[in-house]
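Following: one structure in structure tokens, then a few remarks.
The values are calculated or read from the model by the stated rules, or taken from the named source; none is laboratory data. What you see is a predicted model; the values in this text were computed from it and never measured. Cβ: placed from backbone, ideal geometry, glycine included. Neighbour counts: every protein chain shown. When the accessible area is computed, the model is the full protein with side chains, heavy atoms only, and any ligands, DNA or RNA have been set aside. Shrake-Rupley method; radii C 1.70, N 1.55, O 1.52, S 1.80 Å.
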Amino acid sequence: MDPFRFVAAADEHAARAAASAGARYLAGGTTLVDLMKLHVERPRTVVDINALPLTEIAETPGGGVRVGALVRNSDMAHHPLIRARFPLLSQALLAGASPQIRNMATTGGNLLQRTRCYYFRDTSAACNKREPGSGCSALDGCNRIHAVLGTSDHCIATHPSDMCVALAALDAFVLLSGPRGSRVVPLVEFHLMPGDHPERETAIEPGELITAVDVPPLGFATRSAYVKVRDRASYAFALASAAVALDLRGGEIRDARIALGGVATKPWRAREAERTLVGRPPDAASFRAAADAALAGARPRAHNGFKIELAKRTIVRALTRAGAMA
Amino acid sequence: MSPTELDTQAPPFAEPHVADQTADVALIVNGRALRLVIDPRVTLLDALREHLQLTGTKKGCDHGQCGACTVHVGGRRVLSCLTLAAAAQGQSITTIEGLAESDRLHPMQQAFIDCDGFQCGYCTAGQIMSAVALLQEPCGPDDDDVRESMSGNICRCGAYPGIVAAVQAVRGRRR
Ligand SMILES: Cc1cc2nc3c(=O)[nH]c(=O)nc-3n(C[C@H](O)[C@H](O)[C@H](O)COP(=O)(O)OP(=O)(O)OC[C@H]3O[C@@H](n4cnc5c(N)ncnc54)[C@H](O)[C@@H]3O)c2cc1C
Ligand code: SF4
Ligand code: FES
Ligand code: FES
């Protein structure tokens, strides 16, 4: 690690005051400390925000839930409101990392976790995300784990989060508090596509603090599922994942939510696929048609072409699981 | 490798190991109140091993990928390699050294011996700290539930069958 100044912030005001240029907030540390050891993150000040009162999970009017930025991933996953109303979110959280890491990882930190692209993590490799303009080692390197959706000629790294995929399906909102006041950003707009500027990953501005995530009410989210496919049964990042919810009435799909992980440069909402399902019966043909629509724009590189069919089957499995729910 | 050998191999351009401040950290480790004045870069794992001579907690990957460094902070299992010691200020920490009561092993430690839950032993402290925490967590009854809940602890020797048996024995799910 490079040397840094350590500040334990007592409250939000102190945290933001300490967050000068080159500072990083410290929540669970499972992304930040890891990357500081690799010299990928080199903050001059580390502002510990763990004393801030952002640890609540509360019901919002109409049946939604607000989750504080410092709620641990394990606590969100096991919370009765999350489990009852948003099973796909609970399942996504429990599919991520390991029990120890979930006890550390926070809502806010999970939103801002960095890609697991090997070249991003290796300071001897060219990487536009880490060092703008240096090139992308993955384009013609080992790109088996990389994205097929939302890529650019400058970066093809996946967004690694499971939680964010479920939140994208649920149309969640990110609550931010900064020097110029508070604002709310839809989760699907919070993460940016790499385009010409892969170093710009989210809509957060310097010094801004994530205070909470709002999950709006969605009645049919009780019929939902998160399916994650990885190289081993547990404790691995997604090669492909799907968060889905189905509104089924009278043997017909009235509405649907589909979001993908492991295959895209950001938590990927598949709206086109959702539309293909409306008005159709919940059967294998409908699900396969939706899966085809979701991956229609996929652009594989040398080693990750397998992800296209894998993602389709993951979607079909998730939809089948949700469709079969009582 | 002797310390002198280490020195000669250090690259001449290595950054000097200094921070512009130190952290004054109070911890309660295995029931003992301690105070450390350390570089803020020191992880909880290194604080335990290098500053407090509690070497039962092991360093495998140092990057959150193996679970060897698992300890309890505030009663919950976490990875000490990704925890800055300074961020554990005021916390109560339990390591493998704190499980036994004088000469009486914790039932999980005994079960690991009885069920052949280790071979080389490198991962074992982390496995046992995870397994003890698991007893207080939501976890289904089956072997597969235990496997999933223990998946954050890698064992290079492949002692997994014995580990699952030990956890199930302590939970009264077996024998
Ligand atoms: C071995 C390993 C395996 C993993 N596997 C998975 C997996 O399978 N699926 C998955 O989804 N994730 C996985 N993860 C990633 C893990 O989920 C994230 O590291 C974690 O969610 C980050 O949260 P944190 O609180 O620890 O963040 P930190 O490391 O504390 O912070 C991360 C970033 O967010 C910033 N930050 C944190 N909180 C705030 C806030 N409130 N406001 C503004 N900025 C903030 C920090 O400054 C930092 O830049 C894995 C991690 C490891 C190490
Ligand atoms: S894919 Fe993105 S993160 Fe990976 S090397 Fe290329 S620019 Fe860097
Ligand atoms: S040493 Fe901490 S997880 Fe491997
Ligand atoms: S007993 Fe050797 S690594 Fe587990």
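Summary of computed values
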| read-out | value |
| --- | --- |
| Unmet requirement for B:Val71, which otherwise passes all of (1) assigned to a strand (DSSP E or B); (2) surrounded by fewer than 20 Cβ atoms within 10 Å (Cβ to Cβ) | (2) |
| Residue match in region A:34-47 (condition: in a loop (DSSP other than H, G, I, E, B) and touching a Leu at 6+ places or on another chain (Cβ under 6 Å)) | yes |
| Residue that is nearest to the other protein chains (Cβ to nearest Cβ) [pool: residues in region B:146-169 that are in a helix (DSSP H, G or I) and open to solvent by 50 Å² or more (accessible area, probe 1.4 Å)] | B:Glu148 |
| Number of positions in region A:226-255 that are touching a residue at least 40 places away in the same chain (Cβ under 8 Å) and either assigned to a strand (DSSP E or B) or touching a Pro at 6+ places or on another chain (Cβ under 6 Å) (or both) | 13 |
| Verdict on A:Leu35 being open to solvent by less than 20 Å² (accessible area, probe 1.4 Å) and touching a strand residue (DSSP E or B) at 6+ places or on another chain (Cβ under 6 Å) | no |
| In region A:46-82, the residues that are open to solvent by less than 10 Å² (accessible area, probe 1.4 Å), under 25 Å from B:Arg41 (Cα atoms) and at the interface with chain B (Cβ under 10 Å from one of its Cβ atoms) | A:Val46 |
| Some residue of region A:126-147 being in contact (Cβ under 8 Å) with a residue 60 or more places away in the chain, out of contact with any Cys (no Cβ under 8 Å at 6 or more places or on another chain), more than 13 Å from ligand 2 (Cβ to nearest atom) and of a type in the set (A, V, I, L, M, F, W, C) | no |
| Filter result for A:Gly96 (within 16 Å of ligand 3 (Cβ to nearest atom) and within 14 Å of another protein chain (Cβ to nearest Cβ)) | yes |
| Options B:Gly90, B:Gly121; residue that is within 14 Å of chain A (Cβ to nearest Cβ), away from ligand 1 (no atom under 16 Å from the Cβ) and either open to solvent by less than 60 Å² (accessible area, probe 1.4 Å) or touching a residue at least 40 places away in the same chain (Cβ under 8 Å) (or both) | B:Gly90 |
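Each row is one residue, and each column tells you yes or no for (1) out of contact with any Phe, Trp or Tyr (no Cβ under 9 Å at 6 or more places or on another chain); (2) closer than 16 Å to B:Met129 by Cβ; (3) modelled with pLDDT of 95 or more.
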position: B:Pro3; (1), (2), (3): yes, no, no
position: B:Glu15; (1), (2), (3): yes, no, no
position: B:Arg41; (1), (2), (3): no, no, yes
position: B:Glu50; (1), (2), (3): yes, no, yes
position: B:Gln53; (1), (2), (3): yes, no, yes
position: B:Asp62; (1), (2), (3): yes, no, yes
position: B:Gly75; (1), (2), (3): yes, yes, yes
position: B:Ala86; (1), (2), (3): no, no, yes
